[in-house]
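Comments concern the structure below.
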Amino acid sequence: MEKTKEEAPETKLEEAAATPVEKKKGINIKILLIGIPLFIIQEIAIYFITANILLTKIQANHSPATQDSAEVKKEAEPAQQESKELGKFVYMVEDLIINPAKTDGKRLLMSSLGFDVSSEGEHKELKEKDVLLKDAVISVMSSKELGQLGNTAYRDTLRTEIVKRLSQLMPKVKVNTIYFSKYILQ
């Protein structure tokens with residue numbers, strides 16, 4: 001009987017030594033229950049922080065364009081004061097189809113624009129130079145990416161860029177404002 005008592009502690013030690021080794025080989029359930037949800041929460045937090053920071057920086061980078069629009073608006077104010085009625089002489093360009101930049105022709109923008117000018121003479125000049133006008137609008141808008149074109153706040157910048165381009169091509173025509181009657185992204 002003494003032998004069995006001696007053998008019993010040895011087998012208990014062997015079993016105790018074997019048990020932790022088996023736990024180390026398997027997957028720890030605590031890691032699965034705590035680690036994976038923490039990882040997912042971190043990924044979501046990183047996404048929202050990055051998106052908010054990057055969006056504010058992108059908008060801050062476009063602020064010089066906004067400053068340019070303010071300068072053009074200041075220049076356009078005297079022209080608006082000279083013309084007693086806005087909307088009296090509006091030249092319409094209907095249904096321009098534009099391929100935005102970096103879309104490989106898979107996305108389209110359909111737009112109709114109205115150019116408000118001060119006099120009938122300027123209206124006639126826009127009508128005579130319709131091809132130049134359409135080319136200027138298409139070149140400005142096709143150089144923009146979908147993110148810019150989809151942003152409603154960016155339309156004022158588009159207006160100012162189109163006005164600048166037109167002032168280079170037709171210096172005698174002073175555009176008071178540009179109206180978008182259609183603006184469809186697909």
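Values as computed for the structure displayed
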read-out: Exceeding the 24 Å Cα-Cα cut-off - candidates LYS102/LYS127; LYS106/LYS129; LYS106/LYS164; LYS134/LYS174; LYS102/LYS174; value: LYS102/LYS127; LYS106/LYS129; LYS106/LYS164; LYS102/LYS174
read-out: Net charge over other residues, Cβ less than 13 angstrom from the Cβ of MET141 (K, R count +1; D, E count -1); value: +4
read-out: Net charge, MET110 excluded, C-beta distance under 12 Å - Lys, Arg +1, Asp, Glu -1; value: 0
read-out: FRET efficiency for SER112 and GLN168, using Cβ-Cβ distance with R0 set to 22 Å, rounded to 0.05; value: 0.45
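FYI, it's all coordinate maths here, none of it is from the lab. All values derive from a computational prediction rather than experimental measurement. Every residue, glycine among them, receives a Cβ derived from its backbone with ideal geometry; neighbour counts consider all protein chains shown.
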